[in-house]
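Asker: Input: one structure, supplied below.
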Amino acid sequence: MKSKEKIEEYTDKALNSLDGVERASVSPYLLTRINQKLGAEPATVWEKLIFFIGKPAIAFPALTLILVMNVLAIVSQTSSSTSAADQAASLSADDYSLTVATIYDSENP
Amino acid sequence: MNESEELIEQLKKGDQSSFSVVVNKYQDLVYNTALGIVQNAEDADDITQEVFVQVHLSVSSFKGDSKFSTWLYRITISKALDHEKKKKRKKRFAFVQSLFGSHEAEDIHPVEFNHPGVQLERKESAADLFRALKQLPENQRIAFTLHKVEGQTHQEIAAIMNLSIYAVESLMGRAKANLKKLLEVYYHKKIA
């Protein structure tokens, strides 16, 4: 019974412990520290963009993506390059009639 | 246009001396609010700096629909809660590190917080209250902190938290009831 009263007493004391609390004050030279931070912060949109792109979390995945895209482009180009060369050769042969001329051809246009 | 509104207008125009005046005028409001939420002097100091940097960068977006101090409270609360979330993530990582035997894991168990504005004879009880306060849901904790630590009225808290006065009263009621339960359990264990 006594302990119950004590618990109640402590609880009430704790609940009322912030009555009349004073405002805590910040440590000195806050303005100087803020100005230092402001000096380090990017101001314009372009600076913000460069700051954003320059972050490792953005820069490394972006670089990896570019590299992967380049490798894929090179691989797909080399696999299709032989067939493309053949096609180009046959097209130019058709366009310019690159065939061996015979006497029959010149006499019968 | 009153003195505060004039000050904000000057600040919007980029006047550096008005920024200094704003910092000097509101620094304790921001620091004390942040301190009540994060319960750590160094963290509250960092948050205060972040808040004023944010104010400097986005004062143009302040439309004047609410009081400047209300806007400032909102930024402070948001920054303090973000800071807490980051710290919790770090603590979780530190805990995992400690499982693998790394010695970098520290501050896993929070230290007792003593608010510098509390009267000496009430320090111990206040520390118990702050410990219990940490276990409350976010909204209840913010409402209780603004009321008890910053001395804000229910009406002002309603404006800051974008709630009705009735909702704030309800939050305060639940906060007090939950704190009572938590403290009773704590003292029961302590006495037994």
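Asker: Since residue A:34 meets every condition but one in (1) over 30 Å from residue B:176 (Cβ atoms); (2) open to solvent by 30 Å² or more (accessible area, probe 1.4 Å), which condition does it not meet?
Answerer: Only one criterion is unmet by residue A:34, namely (2).
For every residue, the table says whether it meets (1) open to solvent by 60 Å² or more (accessible area, probe 1.4 Å); (2) in contact with a Phe, Trp or Tyr (Cβ under 8 Å, 6 or more places away or on another chain); (3) in the same structural domain as residue B:126 (by TED's automatic domain parsing); (4) under 23 Å from residue B:86 (Cα atoms).
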| residue | (1), (2), (3), (4) |
| --- | --- |
| B:4 | no, yes, no, no |
| B:25 | yes, no, no, no |
| B:58 | no, no, no, yes |
| B:62 | no, yes, no, no |
| B:65 | yes, no, no, no |
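Asker: Can residue B:50 be described as farther than 19 Å from residue B:151 by Cα, acidic (Asp, Glu) and surrounded by fewer than 16 Cβ atoms within 10 Å (Cβ to Cβ)?
Answerer: Here the answer is no, as residue B:50 does not meet what is asked.
Asker: Then there's this: Touching a Ser or Thr at 6+ places or on another chain (Cβ under 8 Å) and either closer than 30 Å to residue A:53 by Cβ or modelled with pLDDT of 65 or more (or both): which single residue out of A:85, A:73, A:89, A:93 fits that description?
Answerer: A:93
Asker: Same structure again: When you scan segment B:153-174, do you find a residue that is outside the structural domain of residue B:75 (by TED's automatic domain parsing), within 18 Å of residue A:21 (Cβ to Cβ), at pLDDT 95 or above and of a type in the set (Lys, Arg), even just one?
Answerer: Scanning segment B:153-174, I find no residue that is outside the structural domain of residue B:75 (by TED's automatic domain parsing), within 18 Å of residue A:21 (Cβ to Cβ), at pLDDT 95 or above and of a type in the set (Lys, Arg), so the answer is no.
Asker: Tally time: how many residues in segment A:36-76 are touching a Phe, Trp or Tyr at 6+ places or on another chain (Cβ under 9 Å) and not in a loop (DSSP other than H, G, I, E, B)?
Answerer: Here the count works out to 3.
Asker: With (1) open to solvent by less than 80 Å² (accessible area, probe 1.4 Å); (2) at pLDDT below 70; (3) more than 14 Å from chain B (Cβ to nearest Cβ) as the list, and residue A:80 as the residue in question, which single condition is left unmet?
Answerer: Among (1) open to solvent by less than 80 Å² (accessible area, probe 1.4 Å); (2) at pLDDT below 70; (3) more than 14 Å from chain B (Cβ to nearest Cβ), the lone unmet condition for residue A:80 is (2).
Asker: Please list, ordered by residue number, the helices (runs of 4 or more DSSP H) wholly in segment B:86-192 having 2 or more residues that are more than 16 Å from the chain's Cα centre (by Cα) and at the interface with chain A (Cβ under 9 Å from one of its Cβ atoms).
Answerer: So the answer is B:123-133, B:165-191.
Asker: Ok, one more. Please determine whether any residue of segment B:57-64 is within 18 Å of residue B:146 (Cα to Cα), more than 10 Å from chain A (Cβ to nearest Cβ) and charged (D, E, K, R).
Answerer: no
Asker: Oh, and also: For the structure I just gave you, tell me whether residue A:21 is under 30 Å from residue B:187 (Cβ atoms), β-branched (Val, Ile, Thr) and either within 14 Å of chain B (Cβ to nearest Cβ) or open to solvent by less than 60 Å² (accessible area, probe 1.4 Å) (or both).
Answerer: Against the criterion (under 30 Å from residue B:187 (Cβ atoms), β-branched (Val, Ile, Thr) and either within 14 Å of chain B (Cβ to nearest Cβ) or open to solvent by less than 60 Å² (accessible area, probe 1.4 Å) (or both)), residue A:21 qualifies.
Asker: With the requirement that a residue be open to solvent by less than 20 Å² (accessible area, probe 1.4 Å) and of a type in the set (Gly, Ala, Ser), what does segment B:119-178 give you?
Answerer: Once the filter is applied, which keeps residues that are open to solvent by less than 20 Å² (accessible area, probe 1.4 Å) and of a type in the set (Gly, Ala, Ser), segment B:119-178 yields B:125, B:126, B:127, B:132, B:143, B:158, B:175.
Asker: Against the condition within 12 Å of another protein chain (Cβ to nearest Cβ), surrounded by fewer than 19 Cβ atoms within 10 Å (Cβ to Cβ), not acidic (Asp, Glu) and not in a helix (DSSP H, G or I), how does residue B:14 come out, does it pass?
Answerer: Judged against the criteria, residue B:14 is a match.
The values are calculated or read from the model by the stated rules, or taken from the named source; none is laboratory data. Since we're looking at a predicted model, the values are computed, not measured. Cβ atoms come from the backbone with ideal geometry, glycine included; neighbour counts cover every protein chain shown. Keep in mind that these areas ignore ligands, DNA and RNA; they rest on the heavy atoms of the full protein, side chains included. Shrake-Rupley method; radii C 1.70, N 1.55, O 1.52, S 1.80 Å.
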